[in-house]
Amino acid sequence: MRRVCVYCGSNPGRVSLYRDAATSLGEVLARSNLELVYGGASKGTMGILADAVLAGGGRVTGIIPSQLVAKEIAHHELSQLEVVDSMHARKARMAELADAFIALPGGYGTLDELAEILTWGQLAMHAKPCGLINVDGYFDHLIAHLDHAQAEGFLKPSHRAMLLTAPTAEALLEAFRDFQVSTETKWSD
């Protein structure tokens, strides 16, 4: 694993725990010599994360749609900033570059990116680990929903197991090291 894609918010969140988690993840990535791939913004937990990786001497690649550059939210101090035509192109490029995927607390964009990359894994379009850093229980309701979807027959157990969860960056990266992709490639019946 060389590059980790992180999905997180363009807002900082209501409490400092979310900002602290972004900083901690950035520090862990830099210490672990793992390059950050992310959405390229300078704002919110996205900017906090990128700044922490850079401050730790790490490398950061941002992928941002041209319409967001125009709104002046692009982070221009990155190791590399790629400007793409659309949100879809952004997600595809981040997936292409990354060896693993992490979601920090965020809103619709974070959920969209996480759901799409999990779906791609479910369809065997990639075999890369995906996980959540469950900061102070932020994702508890999502985790419960996915468990319910499995119980109701909408997710196979092997597909539900594709999403790893941990309370800290260190614990999630350790879980990634032990990750085994399922040999089951068929979409849920």
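Things to note:
- Mean residue ellipticity (222 nm) of the chain, computed from DSSP H runs ≥ 4 via -39,500 (n - 2.57), nearest 500: -13000 deg cm²/dmol
- Area projected by the alpha carbon convex hull of the range 5-98, averaged over all directions, nm²: 5.4
- Counting DSSP beta bridges with both ends in the chain, the antiparallel % (nearest 5): 5
- For the range 1-119: relative contact order, % (alpha-carbon pairs under 8 angstrom, 6 or more apart): 34
- Think of the range 44-189 as a dipole: +1 on every Lys or Arg Cβ, -1 on every Asp or Glu Cβ, centred on the Cα centre; then among Gly153, Ile133, Pro105, Gly153 lies furthest on the positive end.
- The residues Glu77, Glu170, sorted by heavy-atom accessible surface at 1.4 Å with ligands and nucleic acids left out, run Glu77, Glu170 from largest to smallest.
- Solvent-accessible area per residue for the range 42-83 (1.4 angstrom probe, square angstrom): 47
- Accessible area of the range 35-189 belonging to carbon and sulfur atoms, whole % at 1.4 Å probe: 54
The values are calculated or read from the model by the stated rules, or taken from the named source; none is laboratory data. Values in this document were obtained by computation on a predicted structure and should not be read as measured data. All Cβ positions, glycine included, derive from the backbone under ideal geometry; neighbour counts span all protein chains shown. Note: areas computed on protein heavy atoms with side chains; ligands, DNA, RNA excluded. Shrake-Rupley method; radii C 1.70, N 1.55, O 1.52, S 1.80 Å.
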